[in-house]
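Scroll down for the structure; my scribbles are underneath it.
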Amino acid sequence: MDCREVQKKLSAFADGVITAGERKQIMMHLKKCKGCKRALADLKKTIRYVQRLEEVEPPAWFVQRVMARVRDKAEKKQGIWQRFFLPLHIKVPLEAIALICMVVGAVYIFKSMEPEIRLAKIPTETRESAPPAAAVPQKEKPADVGKKRHAPVTGRERSRFEKKYQVDEERSVKVAQTPTAQVERKEAAPATGYADYDTLKRDVGSSLQEEQPQGTMALKAKEGPLVVRVRDLTAARTRVEEIARQMGGQTSTTTPGKDKAVITIVLDRDKVYDFLTQLRLVGEVRDKGWQGEQGKGSVTLTVEVKKLSGDQSD
Amino acid sequence: MRGTKQRGDEDLAFVTLCQEGDADAFEHLVRRHQKRMLNIAYRVIGNYDEACEIAQDAFVAAYKNIAGFQRKAKFSTWLYAICINLARNRRKRLTTRHFREGRSLDDPIATPDGEMAVDPPASEPTPLERLEARDIRHHVQGCINTLDVDFKEVLVLRDIQGFSYEEISAMLKVPAGTVKSRLFRAREGMKDCLKKVMGEL
């Protein structure tokens with residue numbers, strides 16, 4: 001190794017990043033070469049000067065200023081993104097609670113409004129059940145066939161309709177459609193157009209809070225007794241009677257077998273839905289249908305309470 | 001060699017938080033690395049105010065790009081590389097300006113506290129003992145300033161910041177052999193410069 005080669009490697013030599021062989025060669029060279037030895041000494045001095053440079057301290061405001069810029073940037077970045085992806089930045093605990101509150105609130109509101117909706121639907125039964133009863137005297141009008149509800153109705157009759165419902169509800173008696181009403185309606189029908197019916201539909205809809213012709217009362221067309229399957233026949237029977245009485249109904253019970261009780265209940269029509277709801281709490285209701293006279297203020301329900309077979313419980 | 005502690009592991013927790021959008025976590029990283037960042041920038045650029053600007057920019061750039069930080073290297077290595085790059089760009093701009101203005105060997109050398117006249121090998125060399133430590137430092141910084149940016153960087157990272165050859169290689173994205181040869185030339189340049197300005201080492 002000549003001096004040039006050695007001096008080229010002195011820097012790495014000083015740092016100790018050199019192979020053992022090279023190191024040995026350089027050491028050997030340095031022993032006899034004063035020039036290279038001096039070069040190494042100068043190099044080491046130079047390195048020491050550089051190393052001895054004092055460190056400067058960052059200014060006191062440094063972190064603050066950096067963070068102000070960083071936050072500014074972060075906000076700008078989020079501003080754009082969050083506008084689009086707001087729901088993805090959910091603060092889970094907070095928003096989950098809010099969501100649960102909303103759901104619970106909605107369910108509560110729905111529950112508390114439900115009876116009103118149901119009540120509003122009851123009169124539909126009367127109106128809908130009426131036409132079949134009065135179908136006979138109808139003149140065969142092509143437009144009327146199959147869509148009795150769509151028969152055009154005059155404004156005069158509309159008010160009559162509404163009045164009739166009020167009476168219905170107040171007295172809870174058998175009214176339905178009187179023949180007079182039928183005749184009048186049929187007479188009025190040809191004179192007016194379908195547009196009139198639409199108006200009626202709207203008006204009645206808003207005034208009575210119902211629009212749906214087929215109300216939730218899907219029971220009306222069904223026949224046969226309501227079958228309730230229970231474990232404890234006696235308790236269930238008592239309970240059913242109790243429910244009926246609480247709703248102002250009259251009950252009479254027969255027990256044709258030891259596993260069966262038949263309860264006949266006369267109940268206000270607008271209580272039927274509630275009654276069925278309560279009944280479902282008593283046992284497994286198979287609503288094959290129910291017996292009752294359509295279009296009446298009160299209905300007769302036959303409830304068959306049956307003991308669940310194969311069950312040994314008392 | 002100044003202490004190079006393995007800080008990567010401590011940083012990573014904060015880095016993860018930053019990547020999740022937690023700006024506060026970044027403050028820890030700034031506090032932890034501000035001094036080193038500033039010193040790297042300061043020694044490369046040779047001016048305190050400029051260095052503060054560069055270090056700030058580097059931190060902001062790091063935050064902006066933190067999502068792209070893959071854990072291949074240590075966070076500090078990645079961070080200092082940003083700083084080095086910004087300093088280099090700044091330096092380039094300054095150098096270009098100097099070139100346009102034209103330079104002479106007798107032009108004063110920029111130092112942190114202003115400018116320092118080039119002191120050619122004097123006929124009567126001043127003994128080192130009589131130079132105050134502060135003056136020596138000024139000479140040293142002045143000499144660093146005269147180095148080419150490639151050499152300056154390795155000198156600052158190795159002899160001032162005490163990084164290993166591997167770390168420097170990672171920061172500058174050059175092979176370790178290149179670091180070695182650049183360092184040799186940087187030190188030679190320093191030696192010559194110091195001899196020139198101080199007369200004798």
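In whole Å, what are the extents of segment A:1-56 along the principal axes defined by its C-alpha atoms, from largest to smallest?
So the three principal-axis extents are 42, 23, 15 Å.
Roughly how many nanometres apart are two label points built 7 Å out from the Cα toward the Cβ at B:ALA73 and B:GLU53?
About 2.5 nm, to one decimal.
Distance in nm between label sites at B:ASP148 and A:LYS260, each 7 Å beyond Cα in the beta-carbon direction?
11.0 nm
Which links in A:LYS32/B:LYS196; A:LYS8/B:LYS74; A:LYS8/A:LYS44; A:LYS9/A:LYS37; A:LYS8/A:LYS32 stretch past 24 Å when you go from one Cα to the other? Please list the in-between numbers first.
Values: A:LYS32/B:LYS196 28 Å; A:LYS8/B:LYS74 31 Å; A:LYS8/A:LYS44 14 Å; A:LYS9/A:LYS37 13 Å; A:LYS8/A:LYS32 17 Å.
Among A:LYS32/B:LYS196; A:LYS8/B:LYS74; A:LYS8/A:LYS44; A:LYS9/A:LYS37; A:LYS8/A:LYS32, the Cα-Cα distance tops 24 Å for A:LYS32/B:LYS196; A:LYS8/B:LYS74.
Taking each residue of B:139-149 in turn, how many C-beta atoms of other protein chains fall within 10 Å of its C-beta, and what is the average?
Mean shielding count: 1.
Place a point 7 Å from Cα of B:GLU10 in the direction of its Cβ. Which residues in segment B:65-80 have their backbone N less than 13 Å from it?
B:76
Given labels modelled 7 Å from the Cα in the Cβ direction, how far is it in nm from A:GLN250 to B:ASP24?
7.5 nm
Values in this text are rule-based calculations from the coordinates and carry no lab data. As the structure is a computational prediction, the values presented were derived from the model and not from experiment. We place every Cβ from the backbone using ideal geometry, glycine too, and count neighbours over all the protein chains shown.
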